[in-house]
Amino acid sequence: IHTFLETECRNCYIALVIWTLFKPLNADTVRTEAESFFDMLEERRRGSDISYALRTFNAQPYRGATPTSTCALNRMVLESQYLSYIIQEVAAESEEPREVILEDATGILDEMAQNLQLRSIRLLGFIMNKVFQSVFRSIYVNEEGLTRLQQAIQEHPVILMPNHRSYMDFLVLSYIMFTYDLSVPVIAAGIPLMGMKLFGEMFRRAGAFFIRRGIGSDKLYWAVLSEYVRTIVRTGYAPVEFFVEGLRSRTLKSLTPKLGMMQMVLEPFFKGEVFDITLVPISISYDRVLEESLLARELLGVPKPKETTGGLLKARTVLQEDYGCMHVCFGTPLSVRDLMKERVIRVQYNLIPRDLPIKPNKETQEFVSGLAHTIVRLQERNVVLSPWNLTAVVLLQNLQGIDLDLLTHRTLWLRNLVLRFGAHLNWPKHLSDSEVMSSSMTLHHSVVHCEKGRVYLVEELGPGPVSQEEGVLRLAAAVLVCASYRNPAVHVFTRPAMVAVAMTTAVNNRTDDIIRHFNFLVELFSNEFVFVPGQTVQDFEEGCSLLQLAGVIVRSDEEMHVTEGGRETIVFLRAILQPFIESYQVVFRYLCEESSQTFREKNFVPNVRRFIMKLLIAGEVQSYECLSSDVQKNALSALLRMTAVTKTKVEEQNEFTVNTAAVKRTWNFLRVKAPDTADTQPRSTSEEPDDTR
Amino acid sequence: MASSSNSSAQNRLRIIAGHLESRAGVAAQECKAEVPGSSPSRLTPVPKRRQEIMKWNGWGYSDSRFLFNKKGQAEFTGKRYRLSGLILPSLKDWFEGTFGASLQHKSPAAPTLSSSAVPPPNMNEPFMEDLKAAGIAVSRDTEDRVFRAHGHCLHEIFALREGRIGRVPDAVVWPSCHSDVEKIVELACKRDVCLIPYGGGTSVSSALECPREETRSIVSLDTSQMNRILWVDEKNLTAHVEAGIIGQDLERQLNERGYCTGHEPDSMEFSSLGGWVATRASGMKKNIYGNIEDLVVHIKMVTPRGVIEKSCLGPRMSTGPDVHHFILGSEGTLGVVTEVTMKIRPIPEYQKYGSVVFPNFQQGVACLREVARQRCAPASIRLMDNDQFQFGHALKPQVSSMFTSFVDGLKKFYITKFKGFDPHHLCVATLLFEGDRGKVLQHEKQVYDIAAKFGGLAAGEDNGQRGYMLTFVIAYLRDLGMDYYVMGESFETSVPWDRVLDLCRNVKERIVRECKERGVQFPPLSTCRVTQTYDAGACVYFYFAFNYRGLSDPVHVYEQVEHAAREEILANGGSLSHHHGVGKLRKEWMKESVSGVGLGMLKSVKEYVDPQNIFGNRNLL
C-alpha cells in the first residue's frame, strides 16, 4: 500500500483533474441530458437526398488555419526539417543514397495521405443519407454537443476521439459533420480499408488517411506518419479524428488506449506550435451493430473476412436488416492546456532544435497515457445504454433459459441499479415494460428467442448431428454474441463489482484489506477494463460510494459490511465479473499445468483454446466466455505486465517464458481465501504489480 | 528624411532631447577630485530635485502629457517632442474601441503627494553626521525620498496615483564623483546602512523598491550629479564618463565634438550610463554599435570590499572570466558603478528612415530572419504586429492639408485593394539606416529587395520615423490610459528564430485568455513587436493593456496576467529578460533560468563582495 500511495502522489495532480471531470451524476442530470438528443434522420427523411448532397456547405473553420491544399500539405511534410533529418539518419544506417530514402518516404506518404475533397464528401453524403435512413430507425445526436463542437473548432485545432465499435463509426461522424456544417475531419484509418477497390479511394477523398498495422521499428514510416499528423494539427488543416482504442473493439467493450497517435497529436502543443489543442471524446452507441455475426466468429478463431469490396457488397443483405437506433454523444471539449497546467514542464523542449526527434520524458509519457485513458473513460461515461444491454446482462447469468416474466423483472431491477450508478439509459417512455422487452427481443431475434414464456439464446443451426466440440462452439458463439451486448454496459459495473469481489476474496471486513484486494484486481484486469493509471484510490472510492448510494454496503472508518438487502446486488455484481475471473484462472491453470515453460506467441491461443475446450466438455469450467481469444490474450498481457511471464524475440518471433511460481501466486490471490492462507502469500504478489507500475 | 550629417543629428536630438537650455539646474557641488582633461561644459540637466521638472506619479516631464481636451480630442502638451502641441484626431476612437473605455468614466490620480502617507524616516544619525562632515549632499525631504522609492512598473505607478506609499528610502545622498562614492560606501559599511543606487529611475523590474523586510536605514544613492565626460580619446575612439550621466546628455555632449556612442535604449532621455551597465541594457541601434557589454572598455565600481577595475584599456583580454561580467547585470547588488570608459564613433554622415508593409506577421518575421541570416540588418529594424500598426495609426496627428489626406487614402487603397493586403493582418517593419550616403543607399536597396521576396512593400520614410517616435511617447500614453480605467505594461524576451512566431502567438493568446478568466470585461490589447535581430534569434517586446473598470483588485489581476505571460514565454523557449533585467519582479525564475549552480556562483560573488549586504536592494538573487 505504501509504494502504491507514492505512485498515487506523483499522479495526484492528474487524478485531481480527472476527478473533477467525473462528478457523480444523479438521475436528474441523466434525464435532462437524455432529452437533449434529437433524431437527425427525422429531418433528413423529410428532404431529398440530392438537394441534401448539393446544398451549400458553409463550415466555420479553425480561425488560426492557413488554407492549405492537400498537395501543399504533403509537400510541407516531405520538406520538413524533421523528415529530412530522419532521412539522413536512415540513409546513413542503410548506406543507401539519400535520394532513395526520400523516394521511399514519398511512397509512404502517397500510400498514407488523405485527399479530402468536398465533392467526395457530397457523394458519400448522398449514399449515407440513403443507407442510414434504411438501416437505422434514428440517429440521435446531442444538440449541445454539436454547438460546443462548432465553437471549439473555430478556436483551436480539434481532435475528435470516438470509441470504435463498428465500421460505421467514421462514416456516421463525417456524415454528421457534413450535415451540420462542421469542418469535415481527416481520419486515421487502418490500411486494410484502403485495399477495398473503389471504396478505398472514396474514403481517401472523404478524408481518411491510412496507417499500416504493426509498424514496429520502421523508423522512416514512423517519421512520415508522425510528421504528417503533426503537420495537420499544426496548420489546423482540418479536425483530426482517430480511435484512441487503436482497433475496432471485437467485444464491444472499451479497449485500453494506444498511445502512439495520442503522443503525435499532442506534440505540437508540447512544443508550443499551437496555443492549445481541444480533445472531443465522442461516444457512439448502437442498439445493434452491423458486424454482430462476425464478432463471435472472430473471437472463437474463425478469421475475419478480409475487407474487400466484394465483402461489402455481400453485406448488402446485412443492410436490409433493422439495426434500431444509434446515439452519438459529443462530449465536452477538453483543453489540453487546462488539463496539463504545469504538470509537464515544456521547458524540456527548449534546449533542442524543435525539428529534431525528441523522446518524450517520463512525465510526458505519463501525462499522455493518463489523458488517453481518461478519454476512454469519458467515452464510457456518455455511452447510451438500451434496455437490451441490461437484458443481456441478466441473460448471461441464466444461460439455461429464463422465464420472460422473471427476465422482465430482473431487467427492471437492473434499470434502477444502473440509473443509480449514473448510466445513461435510453428507456422508451411511451411503452409499457413488456412492450419494451418484446421490442428489444424482436430487434435481437438473432440472439434470443422466446418459447412458451421462456427465453433462450439462439444457437446457429448447422447441418446434422454435431460433435461435442462443435456443440460447445455453437453455444459459445451464442454466449459471446450475448456478451457483446452486455459489454457496452460493463463499465457501469466494473468498480462496484470489483469492490464486491474484493470483499469476498479479502480475509475479513477490514477496509485496508479490501483495498489491497481491490488494487490487485485493478492491476490484474487493467487490460480488460479501462482504469486511469495511478488513480486506483479514486476507483475504489467510486466503487464504494456507488454501492453505498445503492444501499448495498455500509462503511465505517475501518470496516465495510454488506447490508441485509444488499446481498442480492453483491452476488449479482460478482456474477458479472465471474466469466472474466474464471477465464483468467483457466489461463493461469493452463500455464502452470499444461504449457511448456517457453512457447511461441502464435501457438498460445490455439493451445489454450484446446485446453479450455476439454475442460468445458468435462464440465470443469463453467463459462463459455473463456473461449474468447480476447480474454485469453488479455490474461497473458496481464501476466506479462506483472512480470510473471517474460517476452523475448527469437528468430523474429515472440517467445514467452513462464515463471510458474509467480503465476501460481497470482492465481492463488484470485481465489476466495480460507482465512489462514490469506495473509502470507498475497503480500508478495500485491507488491509485485505495484512495483511494475 | 534624408539629410546631411549635421542636421540629421540635430533632428534626432530634437526628437528626444527637447529644450534642455530652458531647464533650471541645481548646481552640483564641485568635486574635489582633480580630473585631467575634464569636460569644460558642466551642465547639470538632471536636478537634485527631479520632481521640479518631472512627474512624481507618472512618466517623464511634467509639461508633457496626453489628455483629452474639451472637444474629446486627444492632444499632447508641451514643446519637447514632435507630437507636442498636436491634436491626434483618431486616438479617441481607437482608445474607446480597443478598450471599451469611455471618456465619461474617469479614474484620476491623486493630485499631490500627501506627506502623511509617507512613513517617517528611520534615520541612522551617526551616518548622517559622517556624511555632513564629509561634505556630501544629502536630503531627508519627503518628496525626494518618495521620488526614489520606485521605478516605472505598473503597480508602482498605480500605487502612487492612488496615493499609496510603501517603504521609501530614509534619505537621499548625491555623490558628485568617484571618491564621494568611496566615502559613502565606507561610511555605510561602518554604520551598517543599506544603500540603493539610483540612476535614471526608469527601472521596470521592481529593482528600486525598498525591501519590506529591511530594518536598517535605507539610503538612496543618487548618481545624477556624477555626470561629466572626463575625457575623450580620439586616437582610440573612447570616452571616459562618469556613470551618472543620462543618455541624452551623453549623446548631446559627444555630438558637440562630432562623436556619438550610438547607444540608444528607448529610455535614453532619462536612463543613466551606470544603470545601463547594471542591467545589461540594449540600444535600438545595437546592430551597428553593439549592446552595452560590447560598448564598455573599462568599468570602475565601488564595492564594500573596495574598488574593482581592470588595469588597462586593452580591447579584449584573456585573463580568466571577464570580471566586467560580474558587474554587468549586477543590478546594484554589488556596488556603485562610478566611471565607465566606452567606445565612441564619429557621427554618421547620413541617416535614413524607412518602412515596409507585409501582408501578415509571419511574412514579416520571415523577412527579418532572412535579413539576419544575410547579416545585413540596418542600424535598427523592428516589426510591429497588426494591432500595433493600428495603434500607430491612431497616433497620426491631424493632417494639415487636403492633399496629404488624399495621398494617404490613395496609399491605403493601393495596399489593401490593389495589393490585396488584409488591413486586419498586415503589419509593418520600421527601418533606420546609418552610415555614409552611398553605402546607406546601397544597403537600403539590399534590404528592400529581401523584403520584396516576402511580399513586403516599401511604405515610406514617414511611417518609419513615426514608429520610432512612438517608443518615446508610449510611456506617456500609459498615464493617459490610467486616467480612464485602462492599465498597461510592456515586457520583453529574447528567443531563437524558429520559436518567434509561436512565442508571439501563444503569449498574446495567453494574455487574452488570462484576462478573460480573471473577469476582465473587455478583451485586452495584447500586441507585440520584434525589436532586435541577432544571428541566432530575436528580441520580442509585448504590450498589454486592459480596461479594469469593475475589477475589485485590478493590480492583482494585472500581476497574475503578467506572471502567466512570463510563464508562457519561458515555456515557449524565451528568456527571462533580454534587457529589462530581473530585479525583484522576475527573481523567482532566476534559478530555473541559470541553474542552481549558476545562481550559487552569483551568490558566492555577492557573499565575497558584500558580506554585510550593504547593497541590500535584494534584486536578482
**Message:** Using the Kirkwood radius over C-alpha pairs as Rh, can you work out the diffusion coefficient of the range A:79-194 via Stokes-Einstein at 25 °C, viscosity 0.890 mPa s, in µm² per second?
**Reply:** 141
**Message:** Suppose we keep just the DSSP beta bridges with both residues in the range B:164-323; what percent of those would be antiparallel, to 5?
**Reply:** 50
**Prompt:** Ranked highest first by the average count of other Cβ atoms within 10 Å around their residues, in what order do A:359-368, B:263-272 fall?
**Reply:** B:263-272, A:359-368
**Prompt:** What is the Cα coordinate range of the range A:138-236 on the first, second and third principal axes, sorted by size from largest, in whole angstrom?
**Reply:** 43, 31, 22
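Which three numbers, in whole Å and largest first, are the semi-axes of the equivalent ellipsoid of chain A derived from its Cα gyration tensor as √(5λ)? Please report the intermediate quantities before stating the final value.
Working: eigenvalues 303, 205, 141 Å².
After diagonalising the Cα gyration tensor, the semi-axes are 39, 32, 27 Å.
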**Item:** Summed residue charge, Cβ within 15 Å of A:Thr179's Cβ, Lys/Arg positive, Asp/Glu negative
**Value:** 0
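Return the average number of partner chain Cβ atoms within 10 angstrom of each residue Cβ along peptide A:266-274.
Mean inter-chain Cβ contacts per residue within 10 Å come to 3.
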**Prompt:** For the pair A:Gln348 and B:Arg257, what calculated FRET efficiency results from E = 1/(1 + (r/R0)^6), where r is the Cβ-Cβ distance and R0 = 51 Å, to the nearest 0.05?
**Reply:** 0.45
**Item:** Cβ neighbours within 10 Å from other chains - mean over B:509-521
**Value:** 1
**Complete:** Rounded to one decimal in nm, the spacing of the 7 Å Cα→Cβ label points at A:Asp322 and A:Lys429 is 2.3
**Asked** Could you give the nm distance between label points at B:Gln442 and B:Ser84, where each point is 7 Å from its Cα heading toward the beta carbon?
**Response** 4.0
**Request:** Evaluate peptide A:352-360: per residue, the Cβ atoms of other protein chains within 10 Å of its Cβ; return the mean as an integer.
**Result:** 1
**Prompt:** For the range B:361-393, list residues with backbone N below 17 Å from a point placed 7 Å from the Cα of B:Ala536 toward its Cβ?
**Reply:** B:372-375
**Item:** Those residues of the range A:204-248 whose amide nitrogen sits under 19 Å from the label point placed on A:Arg641, 7 Å along Cα→Cβ
**Value:** A:244-248
**Message:** Need one number for chain B: average projected area of the convex hull over its C-alpha atoms, nm².
**Reply:** 27.0
**Request:** Lys and Arg at +1, Asp and Glu at -1: add these up for the other residues within a Cβ distance under 11 Å of A:Arg589 and post the number.
**Result:** -3
**Item:** Neighbour net charge for A:Gly401 - beta-carbon separation under 11 angstrom, K R +1, D E -1
**Value:** 0
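So which trypsin sites (Lys or Arg not before Pro) in the range A:149-218 pass both tests, a DSSP loop state and at most 15 other Cβ atoms within 10 Å of the Cβ? Don't jump to the answer; show the numbers that get you there.
Working: sites: A:Arg165, A:Lys197, A:Arg204, A:Arg205, A:Arg212, A:Arg213; in loops: A:Arg165, A:Lys197, A:Arg212, A:Arg213.
Passing sites in the range A:149-218 are A:Lys197, A:Arg213.
Would you please put A:513-522, A:135-144, B:314-323 in order of how densely packed they are, using the mean number of other Cβ atoms within 10 angstrom per residue and starting with the highest?
A:513-522, A:135-144, B:314-323
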**Fill in**
Rounded to the nearest 5, the percent of DSSP beta bridges in chain A running antiparallel is 60
**Request:** Provide the percentage of antiparallel DSSP beta bridges, counting only those with both residues in the protein assembly as shown; round to the nearest 5.
**Result:** 80
**Cα long-axis angle, helix B:361-373 against chain B (0 to 90 degrees, to the nearest 10)** = 60
**Request:** Using only the C-alpha atoms of the range B:163-203, find the volume of their convex hull and express it per residue in Å³.
**Result:** 99
**Asked** What FRET efficiency, computed as 1/(1 + (r/R0)^6) with R0 = 25 Å and r the Cβ-Cβ distance, is obtained for A:Glu363 and A:Glu155, rounded to the nearest 0.05?
**Response** 0.40
**Request:** Go through A:58-71, A:278-291 and give me the packing order, highest mean Cβ count within 10 Å leading.
**Result:** A:278-291, A:58-71
**Asked** So how long is each side of the protein assembly as shown along the principal axes, counting just the alpha-carbon atoms, biggest first, in Å?
**Response** 123, 74, 69
**Item:** Length released on extending from B:Ser604 to B:Met590, taking residue separation times 0.36 nm less the Cα-Cα span
**Value:** 3.5 nm
**Asked** Using 7 Å Cα-to-Cβ label points, what is the B:Arg375/A:Glu593 separation (nm, one decimal)?
**Response** 8.1
**Message:** Placing one identical point scatterer on every Cα of the range B:487-621 and ignoring solvent, what is log10 I(q)/I(0) from the Debye formula at q = 0.15 Å⁻¹?
**Reply:** -0.79
**Prompt:** Expressed as a whole percent, how much of the Cα-Cα distance distribution for the range B:285-390 exceeds 20 Å?
**Reply:** 59
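Taken together, the values in this text are just the output of simple stated rules run on the coordinates, not laboratory data. As the structure is a prediction and not an experimental result, all values here were calculated from the model. Virtual Cβ from ideal backbone geometry, glycine too; neighbours counted across all protein chains shown.
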